[in-house]
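Participant: Structure in structure tokens, see below.
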Amino acid sequence: MHNLDILILEDDELDVELIRNELDKTQLKYSSRIAINKTQFLNALKENKPDLILADYNLPDFTGFDALEITKKIYSNTPFIIVTGSIAEETAAESIMKGAWDYIVKERIYRLKSAIEGSLKLQKERQEKILALERLKKNEVKYRELYNFFRLMADTVPDLIWAKDMKKRFTFTNQAMCDILLNAKDTEEPIGKTDLFFAERERKNHPENKKWHTFGEVCQDSDEVIFRTKKPKKFDEYGNVKGKFIFLEVYKAPIFDDQNKMIGTVGSARDVTQRKKAQEQIERDLQEKKIMLTEIHHRVKNNLQVITSMLRMEKSKMQSELDKKVLLEIFTRIKTMSNIHEILYRSENFYDIEFSEFIDKIVADLYMLYNMNSQKIEIEKQIEDLTLDINHAIPVGLIINELVSNVFKYAIPEKGKCYLKIIFCKKEDEYMLGVIDDGKGIGEDIEISKIKSTGLRLVYLLSEQLRSKYEISTEKGTSIIIKFKKGALSSYSKL
């Protein structure tokens, strides 16, 4: 701690000595300066700020009160103690009222130590208060700037923003909230008021139109939900405002104080009326298209069934076994396409077809058409739960139809039975279809693109349409593996 710089304003040398002697008794570390008149006092103040001033009351050219006023103007927080030979009680009281920190009669100079200590303690407390006030002022400026920034930001965004206390009274609203929902004159008007106040005012101002303001009437009380759960939540709130329907997407959350006590709610809302209208229109359009597609698939299925019925009638009239055979092959192909439309008709998804169900349907129909039984053939299916869109499902379905038909027609030996394995799976982005049997086989070193058989020729052309890779093996029966990627389709021009 540095030595106290004490300025003594005293024109009597004996009194100066008296004061110094008493200061020495206090064991304070100090240095002192002496001023005997107004001029010296002013010069001493200009030279250096004193830590403490001890002033006589009666001086030749001015009084201790005059010195006090000068000190207050220059150094307002410097302790000023009046030390005088005699002073009336009224004068002593006046000195304290005018700002003296203490006063001492020279006859009781022993009080000097306690007076100095008390004044220095008071000075420290005052200085702390001054610093605290300065910090408070700085914080006020800082928070005012922060509030103004937040207010500008909140009033600029198109979304509604607000805060409420536990009685649902607004403590903050942005401009959008006032303009869109409350119809308030400014952002200050809602403070201390509730939603109900503005709703009732709107209804009162427009008694001729009962639908002028109906917002939130049929919605749950979202404030109560937040009060009860104390958790953030999203709400859909809607109704008429200013005679027009609006739909708001609302988010609310609780506000807690430092003791984790809930003190209110904060909320924001976005006007999604146009988005909702567009969404509803899209849903209506999709529903109409779904109905239309359902009807199309239904009619196609029915038309194909009519064609298959006509083929059955024609088949019953035919005498030639070859003609019947050709007609049966055509029938199975049409039946395969009919199955696709039947599945789509029953499905809620017109884009993807559950292909495992489709394969089961194809094989089951062929099994019945060709009078198969467990004595003639054993069938194993390794089919993953995959989907295909209609553009891929038709060619792949027709390929399965042709290959399985060929097994039923040609692969089964006269004695014994045939084993048939059907594979449909996917590895990464590539699909694999496999039809494998251990039957009679179709000969060695065959090239599928050069086969004149209508069925296998069709398999080749459909494989080309899928831009697929195919492998044929005739060891121990026939194995045909076709690999293709979704999306890689060519046109039907070769068919």
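Participant: Right, ILE180: part of a helix (DSSP H, G or I) and hydrophobic (A, V, I, L, M, F, W, C) or not?
Facilitator: Answer is yes for this residue.
Participant: Tell me which of these LEU322 doesn't satisfy, since it passes every other one: (1) assigned by TED's automatic domain parsing to the domain that holds THR474; (2) surrounded by fewer than 16 Cβ atoms within 10 Å (Cβ to Cβ).
Facilitator: Here LEU322 meets the rest and fails (1).
Participant: Which pairs have Cβ atoms under 8 Å, sit 6 or more apart or on different chains, and link a residue in the stretch 32-51 that is within 13 Å of ILE6 (Cβ to Cβ) to one that is of a type in the set (Gly, Ala, Ser) and in a helix (DSSP H, G or I)?
Facilitator: ARG33/ALA44; ALA35/ALA44; PRO50/ALA44
Participant: Answer with yes or no whether ILE34 is more than 60 Å from the chain's Cα centre (by Cα) and not in a helix (DSSP H, G or I). Step through it out loud before you land on a result.
Facilitator: Working: more than 60 Å from the chain's Cα centre (by Cα): yes; not in a helix (DSSP H, G or I): yes.
Considered against the rule, which asks whether it is more than 60 Å from the chain's Cα centre (by Cα) and not in a helix (DSSP H, G or I), ILE34 comes out as yes.
Participant: Among the candidates ASP15, ASP66, ASP11, single out the residue that is in a helix (DSSP H, G or I), touching a residue at least 24 places away in the same chain (Cβ under 8 Å) and more than 27 Å from ILE130 (Cα to Cα).
Facilitator: Selected residue: ASP15, the only one of ASP15, ASP66, ASP11 that is in a helix (DSSP H, G or I), touching a residue at least 24 places away in the same chain (Cβ under 8 Å) and more than 27 Å from ILE130 (Cα to Cα).
Participant: Can you tell me how many residues in the stretch 198-237 are surrounded by 14 or more Cβ atoms within 10 Å (Cβ to Cβ), assigned to a loop (DSSP other than H, G, I, E, B) and under 28 Å from the mean Cα position of the chain (by Cα)?
Facilitator: 3
Participant: Can you run down the residue pairs with Cβ atoms below 6 Å, 6 or more apart or on separate chains, where the first is in the stretch 314-343 and assigned to a helix (DSSP H, G or I) and the partner is among the acidic types (Asp, Glu)?
Facilitator: As it stands, the answer is LYS335/ASP365, since those pairs meet every condition given.
Participant: Next question. For the stretch 156-197, give me each residue that is surrounded by 16 or more Cβ atoms within 10 Å (Cβ to Cβ), acidic (Asp, Glu) and touching a residue at least 12 places away in the same chain (Cβ under 8 Å).
Facilitator: The answer is ASP159, ASP195.
Participant: Moving on. Taking into account only those residues within the stretch 131-185 that are within 25 Å of the chain's Cα centre (by Cα) and hydroxyl-bearing (Ser, Thr, Tyr), which is modelled with the lowest pLDDT?
Facilitator: Of everything passing the filter in the stretch 131-185, TYR147 is modelled with the lowest pLDDT.
Participant: Please enumerate the residues belonging to the stretch 360-406 that are in a strand (DSSP E or B) and not polar (S, T, N, Q).
Facilitator: ILE377, GLU378, ILE379, GLU380, LYS381, ILE383, LEU388, ASP389
Participant: Can I ask one more? Does at least one position in the stretch 346-353 carry a residue that is of a type in the set (Val, Ile, Thr), modelled with pLDDT under 85, more than 28 Å from ALA411 (Cα to Cα) and not in a strand (DSSP E or B)?
Facilitator: Within the stretch 346-353 (the criterion being of a type in the set (Val, Ile, Thr), modelled with pLDDT under 85, more than 28 Å from ALA411 (Cα to Cα) and not in a strand (DSSP E or B)), the answer is no, since none of the residues qualifies.
The values are calculated or read from the model by the stated rules, or taken from the named source; none is laboratory data. This structure is a prediction, so every number in the text was calculated from the model and none was measured. Note: ideal-geometry Cβ built from the backbone for every residue, glycine included; neighbour counts use all protein chains shown.
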